[in-house]
Amino acid sequence: MRRITIPRREVVGWAVAAFAAAVIPFTIPVVAKMTPPSTNHIVEIQNFVFSPATLKVKVGDRITWINKDIVPHTATAHDKSWDTGNLKPNDRGTVTVTKDMFAGYFCRFHPSMKAKIDVQ
Amino acid sequence: MMKIRNLIAITGIALMASITGAQANDPAKLNDLQIAHVAYTADNIDIRYAHLALAISTNPKIHEFARTMIRDHTAVNEQALALLKKLKANPQDNILSKQLTANSHKLVDKMSKLRGKAFDRFYAKNELGYHKAVNNLVANAFIPNIENAEVKSLFKAGLKIFKVHEHHAAMMVKGLK
């Protein structure tokens, strides 16, 4: 009888595939639990007020500012590290939350308008 | 009118003095289209002051404020013109608009001769006084007497904006002392 030899590389490949098939179904839910999906938050700008004044977010979330006033505004970090740029009436500007994102922000055009982001 | 007269006593602004002088003619008796003309004129005057500030001042905070005045007053004027177009109406020139314009010419002549901190202080102080005076006029003489609901609503929105400008100007004056 002729002996069938299986190359060692293939054996290792099957072993890895079998292990993955057995383990991955159990692993995926764990991974999903560790990195929850990101959330889209809305901050409205109306009557020269950011609403909400404090927004709770987590890293990876997206924040969208909507300008509902009749004049342009911005949402700009106090240290200028992030900025939506000029938001004309009805414009939207989005920023993704990062770990070291500067929390306090204001409108560059109207410095009395202030609010903050609370990164959890 | 009483409140407007009190404001003149407090601020001593020539602009307001001439407004009342002209308005033994009462600003509260202007019709909606005349009020719209006064507001449009007042917006354009402040835009003119802002352009002067950008040309003369070297202070970044004055520039930032001036650019905001141009941006915001232009936006409000665009809204006002769009509304008048919708209403198929034209603003009506009147004695108050003429007085505002005449005073602004004198003030531009005066400011044009100033340089450095003297200009910055004058501009900031004038912006504070101008917004205070016009806001008072809008709140006490115009808004209570405007008949058209949409025009009234636009004036209410404008007043909120110009109160923010007044606060901004006050901060600027404080910072230049």
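For this structure, a couple of remarks:
- Just so you know, in the range A:74-110 the residues that are surrounded by 17 or more Cβ atoms within 10 Å (Cβ to Cβ) and touching a His at 6+ places or on another chain (Cβ under 7 Å) include one that is farthest from the other protein chains (Cβ to nearest Cβ), and it is A:Tyr105.
- Tally, over the range B:8-50, of residues that are under 24 Å from B:Phe122 (Cβ atoms), at pLDDT below 95 and assigned to a helix (DSSP H, G or I): 12
- Residue in the range A:52-73 that is surrounded by the fewest Cβ atoms within 10 Å (Cβ to Cβ), counting only those that are among the hydrophobic types (A, V, I, L, M, F, W, C) and either out of contact with any Ser or Thr (no Cβ under 9 Å at 6 or more places or on another chain) or more than 14 Å from every other protein chain (Cβ to nearest Cβ) (or both): A:Ala53
- Residue match in the range B:153-162 (condition: among the aromatic types (Phe, Trp, Tyr) and either touching a Ser or Thr at 6+ places or on another chain (Cβ under 6 Å) or under 22 Å from B:His63 (Cβ atoms) (or both)): yes
- Test result for B:Asn77, in contact (Cβ under 8 Å) with a residue 24 or more places away in the chain and away from chain A (no Cβ under 14 Å): no
- Applying the set (1) modelled with pLDDT of 95 or more; (2) within 17 Å of the chain's Cα centre (by Cα); (3) surrounded by 14 or more Cβ atoms within 10 Å (Cβ to Cβ); (4) in a helix (DSSP H, G or I) to B:His63 leaves exactly one unmet item: (2).
- Hits in the range A:87-120 (condition: under 17 Å from A:Phe48 (Cβ atoms) and among the hydroxyl-bearing types (Ser, Thr, Tyr)): A:Tyr105, A:Ser112
- Number of positions in the range A:57-91 that are without any contact (Cβ under 8 Å) to a residue 60 or more places away in the chain and under 22 Å from the mean Cα position of the chain (by Cα): 23
- Among the residues making up the range A:41-51, none is within 13 Å of chain B (Cβ to nearest Cβ) and under 17 Å from the mean Cα position of the chain (by Cα).
- Residue within the range B:82-104 that is touching a residue at least 12 places away in the same chain (Cβ under 8 Å), under 20 Å from B:Met172 (Cβ atoms), under 18 Å from the mean Cα position of the chain (by Cα) and more than 14 Å from chain A (Cβ to nearest Cβ) present: yes
The values are calculated or read from the model by the stated rules, or taken from the named source; none is laboratory data. Values in this document were obtained by computation on a predicted structure and should not be read as measured data. Using ideal geometry, Cβ is built from the backbone for each residue, glycine included, and neighbour counts are taken over all protein chains shown.
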